[in-house]
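The values are calculated or read from the model by the stated rules, or taken from the named source; none is laboratory data. Note that the structure is a prediction, hence the values are computed from the model and not measured. Positions of Cβ are backbone-derived with ideal geometry, glycine not excepted, and every protein chain shown enters the neighbour counts. Please note that ligands, DNA and RNA were not included when accessible areas were found on the heavy atoms of the full protein model with its side chains. Shrake-Rupley method; radii C 1.70, N 1.55, O 1.52, S 1.80 Å.
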Amino acid sequence: MEHQQVGCAILAERHTKLSEGVRGLLETTFKTVYIVADAASLNEGVQRLSPTVIVLDISLLGSNFSSLLKEVLQSSPESRVIVLSVHDQASVARIALASGAKGVVLKRSIGSDLLTAVSAVLRGDEFVSPGFGLSTCIH
């Protein structure tokens, strides 16, 4: 089944090898995928591009994750954020969702979960990787 590519995505990830693989996955859905490697570049890209989806490594924003995520969403309120995390504690997913993310994907599950998360957030649903121990799709 052929599907139409939509808008653009920003991938905020420091690890070059991982970001290239994730870019390949995202390019199946988005016309353009931009990669940034720090919070300043993310903020600039979000303001300039108003991306459809932002895929964001939670470690990129460090301990100020919640406030920086809210700032990103203030710059581009129509963007949907999917957070990537190596940590599988349910509290990580809850904090990301409470801060405005629409999806939370475990890095170890990117291959199986990222495109499902993208589809869910584009439909207006929320997605959490099953490894967090929360419901997979939250409405």
Where a ≥ b ≥ c are root eigenvalues of the Cα gyration tensor, a/c under 1.5 meaning rounded, otherwise prolate if a/b exceeds b/c and oblate otherwise, segment 19-109 counts as oblate
Residue-normalised 222 nm signal for the chain, counting each DSSP H run of n ≥ 4 as -39,500 (n - 2.57), nearest 500 deg cm²/dmol, is -12500 deg cm²/dmol
Placing each pseudo-label 7 Å from Cα in the direction of the beta carbon, LYS31 and ARG94 end up separated by a distance in nanometres of 4.1
Share of accessible surface on carbon and sulfur in the chain, whole %, 1.4 Å probe and ligands ignored, is 50
In Å², rounded to a whole number, the accessible area per residue of segment 1-56 with probe 1.4 Å is 56
accessible surface per residue for segment 78-139, probe 1.4 Å, DNA/RNA/ligands not counted, whole Å² -> 44
Between ARG80 and residues 5 or more places away or on another chain, the pairs with built amide H atoms under 5 Å apart involve VAL53, ILE54
Within segment 1-43, the residues whose backbone N lies under 14 Å from a label point placed 7 Å from the Cα of SER50 along the Cα-to-Cβ direction are 7-8
Computed for the chain: size of charge dipole around the Cα centre, +1 on C-beta of each Lys and Arg, -1 on C-beta of each Asp and Glu, debye to nearest 20, value 80
Once amide hydrogens are built 1.01 Å from N within the peptide plane, the residues lying 5 or more places from VAL36 or on another chain with amide H under 5 Å from its amide H are LEU11, ALA12, GLU13
